[in-house]
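The values are calculated or read from the model by the stated rules, or taken from the named source; none is laboratory data. Worth saying up front: this structure is predicted, and the values here are computed from it rather than measured. All Cβ positions, even for glycine, are placed from backbone atoms using ideal geometry, and neighbour counts span all protein chains on display. These area figures cover heavy atoms from the full protein model, side chains too; ligands, DNA and RNA do not enter into them. Shrake-Rupley method; radii C 1.70, N 1.55, O 1.52, S 1.80 Å.
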Amino acid sequence: MKLSKEEIKFIDTYLESSDVVYSDIRQEMVDHIASAVEKKMELEQEDFYQAFKSYMLTHKKDILKNNKKRWSFSWEAIRQFLLFLVKPYMLLFGVLLFFFFKNVDVNLYFSEDFTLKDLFFVLVLTAILFQSGYIHFYLKKRFYTVEKTAVILAIIYYGHLFFFPVFGTQQVSYWTLTVFSFLFFGYVVFFIQELIKFHKHRFNYI
């Protein structure tokens, strides 16, 4: 027995009010719950609301627990990013960066008023603002597929705070510049690719 659009929307609204904030995760849950409720209606000859109520009474705790596990931290995002970094064209990009920073002393172009650390901060801040603006003003909904990459950007940012000089115009080694430039620009390309993949399926979500 197939559920109506109104009944599907009812499940979605129920999950949203239960703090399942990500639309794409919620869609997966809606599909799972709808399938289970349809079977329950057919086997037990119940109407939608009876079947839904009894199903959620038994499974709600596990569903919401699983939801919190999924969005609390994304090791999968980190794994996908690391796999992306070892693609041949990214490795070639890393080699080019290495030879560039080894032969060009970019430290000479910075002063105490604006250091390499400041530049990196501006770049990361720009990426954060773009990602936040894209989600809140363009998508206007939260999607785990898009937001999960933020943890990578946070790791890159806090890593640069540790490895870049703290004061003045101290020299930044070409190794450090290579690694963090590779990670940052790799992240930008990775995020763009994730957006492209996301938009191919965006309208599948409620």
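Structure remark: mean-square fluctuation, Gaussian network model of the chain, C-alpha springs under 10 Å; the largest value among Leu119, Leu85, Leu97 belongs to Leu119.
Summed over the residues of the stretch 1-149 and divided among them, the accessible surface reaches 65 Å² per residue at a probe radius of 1.4 Å. Cut-off under 16 Å on the C-alpha distance; same-chain residues fewer than 8 positions from Lys87 excluded. Which aspartates and glutamates are left, in chain and number order? Of all the aspartates and glutamates, those that pass the test against Lys87 - Cα under 16 Å, at least 8 places apart if same chain - are Glu194.
For the chain, modelled as a GNM whose springs connect Cα atoms under 10 angstrom apart, the maximal fluctuation among Glu16, Glu147, Glu42 occurs at Glu42. Take the Cα of Thr58, step 7 Å toward its Cβ, do the same at Gln193, and the gap between the two points is 4.3 nm.
For the peptides 27-38, 128-139, residues were scored by their other Cβ atoms within 10 Å and the scores averaged per peptide; the highest-first order is 27-38, 128-139. Seen against the Cα atoms of the chain and their longest principal axis, helix 5-17 is set at about 50 degrees. Rounded to the nearest 10 degrees, the angle from helix 23-44 to the longest Cα principal axis of the chain is 20 degrees.
Within the chain, all pairs of alpha-carbon atoms sorted by distance into 5 Å bins from zero give the percentages 1, 6, 12, 14, 14, 11, 10, 8, 6, 5, 4, 3, 2, 1, 1, 0. Candidate cross-link partners of Lys5 among the lysines, defined by an alpha-carbon separation under 19 Å and a same-chain spacing of 8 or more, comprise Lys39, Lys40, Lys53. Residue-wise HN-Hα couplings along the stretch 77-92, as the Karplus relation 6.51 cos²θ - 1.76 cosθ + 1.60 with θ = phi - 60° gives them from phi, are 4, 5, 4, 5, 5, 5, 5, 5, 5, 9, 5, x, 5, 6, 5, 4 Hz; Gly and Pro carry x. May I have the count of lysine pairs in the stretch 91-206 with C-alpha atoms under 20 Å apart, counting pairs 8 or more residues apart or located on different chains? Within the stretch 91-206, the lysine pair count is 8. Among Lys87, Lys141, Lys117, the largest mean-square fluctuation in a Gaussian network model of the chain (Cα springs under 10 Å) belongs to Lys87. To the nearest ten degrees, helix 48-72 and the longest principal axis of the Cα atoms of the chain are 10 degrees apart. Each of Ser111, Phe163, Phe190 was placed along the dipole of the chain (beta-carbon charges, centred on the mean Cα), and the one lying farthest toward the positive end is Phe190.
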